[in-house]
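Here's the structure, in structure tokens; my notes come after.
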Amino acid sequence: MATDHRAQVEELLADYRRSREQLASMQQTLAAISETVTSSDGTVTATVGAHGTLTGLTISDQAYLRYRPSDLGKLIVQTVATATTKASETANRTVSPLLPVQTDPAALLGGRADLTAAEVAPPGRHRSEDDSFEDVSWLDNPRGRV
């Protein structure tokens, strides 16, 4: 009987080790994601990582001649957004095979998983009327005495 338990424990440990190896492999793959997009006119190239972090930006000399600063700024933002979308899609494809069928990979990677918007919102303190400090001055009561 003790042998049966020992075999079950060994099997559980082996499953755990396999799961950890899969998770480590997935994390390494996610960390290595890098997507590069070049604007349609070839003047701006943006590279982003898995979480949409801008890791590279190249602006050609032609861009400064062709665009006003505000228009060039819009082109940069648009190019970065496209690269971010590509990186997000790659990350989603990376984690999808390891997730249960009904799990949204974008929600999981975004830290939302199956949570509602209210559950994801940062914790806030509800103020009451007693919390108003409009008529309070530390000059009137410098030591906070009541």
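See the values below:
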{"read-out": "Only one of A107, A63 that is at pLDDT 95 or above, surrounded by 10 or more Cβ atoms within 10 Å (Cβ to Cβ), touching a Leu at 6+ places or on another chain (Cβ under 9 Å) and under 29 Å from I33 (Cβ atoms)", "value": "A63"}
{"read-out": "Test set (1) in a helix (DSSP H, G or I); (2) surrounded by 10 or more Cβ atoms within 10 Å (Cβ to Cβ) - Q28 fails condition number", "value": "(2)"}
{"read-out": "Failed item, numbered, when V101 is tested on (1) modelled with pLDDT under 95; (2) hydrophobic (A, V, I, L, M, F, W, C); (3) touching a helix residue (DSSP H, G or I) at 6+ places or on another chain (Cβ under 9 Å)", "value": "(3)"}
{"read-out": "Pick from region 37-54, criterion modelled with pLDDT of 95 or more and assigned to a loop (DSSP other than H, G, I, E, B), ranking: nearest to Q27 (Cα to Cα)", "value": "S39"}
{"read-out": "When residues of region 66-94 are limited to those that are under 13 Å from V37 (Cβ atoms), among the small types (G, A, S) and modelled with pLDDT of 95 or more, the one surrounded by the most Cβ atoms within 10 Å (Cβ to Cβ)", "value": "A83"}
{"read-out": "Subset of region 55-103 (residues that are of a type in the set (K, R) and either touching a residue at least 12 places away in the same chain (Cβ under 8 Å) or part of a helix (DSSP H, G or I) (or both))", "value": "R66, K74, K86, R93"}
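The values are calculated or read from the model by the stated rules, or taken from the named source; none is laboratory data. Everything quoted here is computed from the prediction, not taken from an experiment. Cβ: placed from backbone, ideal geometry, glycine included. Neighbour counts: every protein chain shown.
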